Amino acid sequence: MRKKTLTVLMASVALLGLAACGSKAGNKKEAKGSDKLVVYSPNSEGLINATIPAFEEKYGIKVELIQAGTGELFKKVESEASKPVADVVFGGSYTQYAQHPELFEKYTAKDNDKVIKDYQNTTGYSTPYTLDGSVLIVNPDLTKGMKIKGYKDLLNPELKGKIATADPANSSSAFAQLTNMLKATGGYDKKAAWDYVKDLFTLVDGKINSSSSNVYKSVADGEMAVGLSYEDPSVKLLNDGANIKVIYPEEGSVFLPASAAIIKNAPNKSNAKKFIDFIVSKEAQNALGTETTNRPVRNDVKVSKNMKSLKDIKTITEDYDYVIKHKAEIVKHYNDIFVDIQSK
C-alpha cells in the first residue's frame, strides 16, 4: 500500500514539474506576445490614417484592417463568435454595441477617467473615442435676411422646399437629427415635439435626399438653403473654404459617441487592449482633433480651427436606452406623419 502511494506521489510530482515547465513556457510565450492586430472598421480613411499608422509605429504591431459597413461588420463578428478572426471593432454607435454586449470583452481604457464624463465607458466593454453632433448647415447666400439660430427658425415659409434632409427611416444621421429635435422641442413622446416634426417636414415638401452626403453637398453647392446634417463633414466643408455656416441649434445639440470594443475571445487580446488604450490617449485624441474633423472625447486636446469648443455649445443628452427600446415606434411615427403630409 505504501509503495503504491509513493508511486502515485512521484507521478504527481512529475506531472507538477511538467505543468510548471509548461506554465513557464506559456508565460514566456505570452510575455513575448504577437505583433499582429486584426481590426474591423467602418471608419473613414481620414480617421483611420490619423490613428492606425501611429499605433503601429508606437507599439511595433502590424494592423490588418478590414473595412465595411457597420451593420455588415457586426454580423461578421456574430457569425465568427465561436472562432473569432478579428480582435477589435473600431467604429459604430453606442446603440449597436448596446444591442450586442455578448460579442465583446470587458475592458476599460487606462485614460477612461480623462474622457468627458458623459462619454466615459460605463458599459464596461464599449469605449467612445469621438463625438459627432447634429448641426444645421446653412448657405448664407440663400438665407439672406433670415435669422437661423435653431430648430424653431426653420419653420419659416420662405424655406419651403429649400430644407435638405435624408430619410430618418434609413439614414443614421437623419435619425439622429430626428431624435435631437424631439428631445430639444419637448421629448420623444410629447405631442408638441411631434407637432414640430410635422410642421418641419411640411416645409421639407417631400424633398428627401437619398443619402446624408447629398444633404451637406446640396447646401454647399447652393441647391438648398439649409440642411439637417452632422458636424464632421460640415466642419470639413468649412475648413475647405465652402460658402456655408455651421449652426449648433440653440435649443441644444446631441453629441453621439462612436465607439470601439475588444471582440470576445480575441486572438490577440493583449494587443487589442493596447489599441483601446491608444485611441483615448492624449496623443491619439490630439491627432483626431487636429488632423480630422472628428471631435475628440477629451477636453484637454486641440480641435480643428472651425470646430466650436464643446463648452460654448448648448448640449443635450440622448436617452440611449429609451431610443434603443422605442426606435421602431419613433420611425413609424415619423413615417405616418410623412405619408399624411404627402397625401394632402
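In the set (1) open to solvent by 30 Å² or more (accessible area, probe 1.4 Å); (2) part of a helix (DSSP H, G or I), Glu223 fails one condition alone, (2).
Might you check whether a residue that is within 30 Å of Tyr59 (Cα to Cα) and not in a helix (DSSP H, G or I) occurs anywhere in region 317-331?
Taking region 317-331 as the starting set, the residues that turn out to be within 30 Å of Tyr59 (Cα to Cα) are none.
No, because not a single residue in region 317-331 is within 30 Å of Tyr59 (Cα to Cα) and not in a helix (DSSP H, G or I).
Checked across region 97-117, the condition of being of a type in the set (Asp, Glu) and open to solvent by less than 20 Å² (accessible area, probe 1.4 Å) holds for no residue.
Taking the conditions (1) without any contact (Cβ under 8 Å) to a residue 12 or more places away in the chain; (2) assigned by the TED database to the domain that holds Asp113 in turn, Glu283 satisfies each one other than (1).
Among residues of region 93-117 that are outside any helix (DSSP H, G or I), those with a beta-carbon under 6 Å from a residue that is open to solvent by 40 Å² or more (accessible area, probe 1.4 Å) at least six positions away or on a different chain give the pairs Phe104/Lys264; Glu105/Lys264; Tyr107/Lys273; Ile116/Asn299. Residues in region 48-69 that are in contact with a helix residue (DSSP H, G or I) (Cβ under 7 Å, 6 or more places away or on another chain) and either on the phi > 0 side of the Ramachandran plot or open to solvent by less than 30 Å² (accessible area, probe 1.4 Å) (or both): Ala50, Thr51, Phe55, Ile61, Val63. Taking first residues from region 53-70 that are hydroxyl-bearing (Ser, Thr, Tyr) and partners that are open to solvent by 60 Å² or more (accessible area, probe 1.4 Å), the Cβ contacts under 9 Å between residues at least 6 apart in sequence or on separate chains come to Tyr59/Asp35; Tyr59/Lys274; Thr70/Ser172. Are any of the residues in region 136-148 under 18 Å from the mean Cα position of the chain (by Cα) and surrounded by 13 or more Cβ atoms within 10 Å (Cβ to Cβ)? Checked against the condition, which is being under 18 Å from the mean Cα position of the chain (by Cα) and surrounded by 13 or more Cβ atoms within 10 Å (Cβ to Cβ), region 136-148 yields no hits at all.
For region 242-289, the candidate set comprises residues that are of a type in the set (S, T, N, Q) and assigned to a helix (DSSP H, G or I); within that set, the residue that is nearest to the chain's Cα centre (by Cα) is Gln285.
Quick check on region 294-317: of everything there that is aliphatic (A, V, I, L, M) and without any contact (Cβ under 8 Å) to a residue 60 or more places away in the chain, which residue is farthest from Val135 (Cα to Cα)?
Filtering region 294-317 down to residues aliphatic (A, V, I, L, M) leaves 297, 301, 303, 307, 310, 313, 316.
If we keep only those that are without any contact (Cβ under 8 Å) to a residue 60 or more places away in the chain as well, we get 301, 303.
Details: Val301: 22, Val303: 17 Å.
Once the filter is applied, the top-ranked residue is Val301.
In the condition set (1) touching a helix residue (DSSP H, G or I) at 6+ places or on another chain (Cβ under 8 Å); (2) closer than 22 Å to Lys274 by Cβ, Thr95 is compliant with all but (2).
The conditions of being open to solvent by 30 Å² or more (accessible area, probe 1.4 Å) and touching a residue at least 60 places away in the same chain (Cβ under 8 Å) are met by Thr185.
The values are calculated or read from the model by the stated rules, or taken from the named source; none is laboratory data. Predicted, not measured: the structure shown is a model, and the values here were computed from it. A quick note on method: Cβ atoms are made from the backbone with ideal geometry, for glycine too, and the neighbour counts reach across all protein chains shown. These area figures cover heavy atoms from the full protein model, side chains too; ligands, DNA and RNA do not enter into them. Shrake-Rupley method; radii C 1.70, N 1.55, O 1.52, S 1.80 Å.
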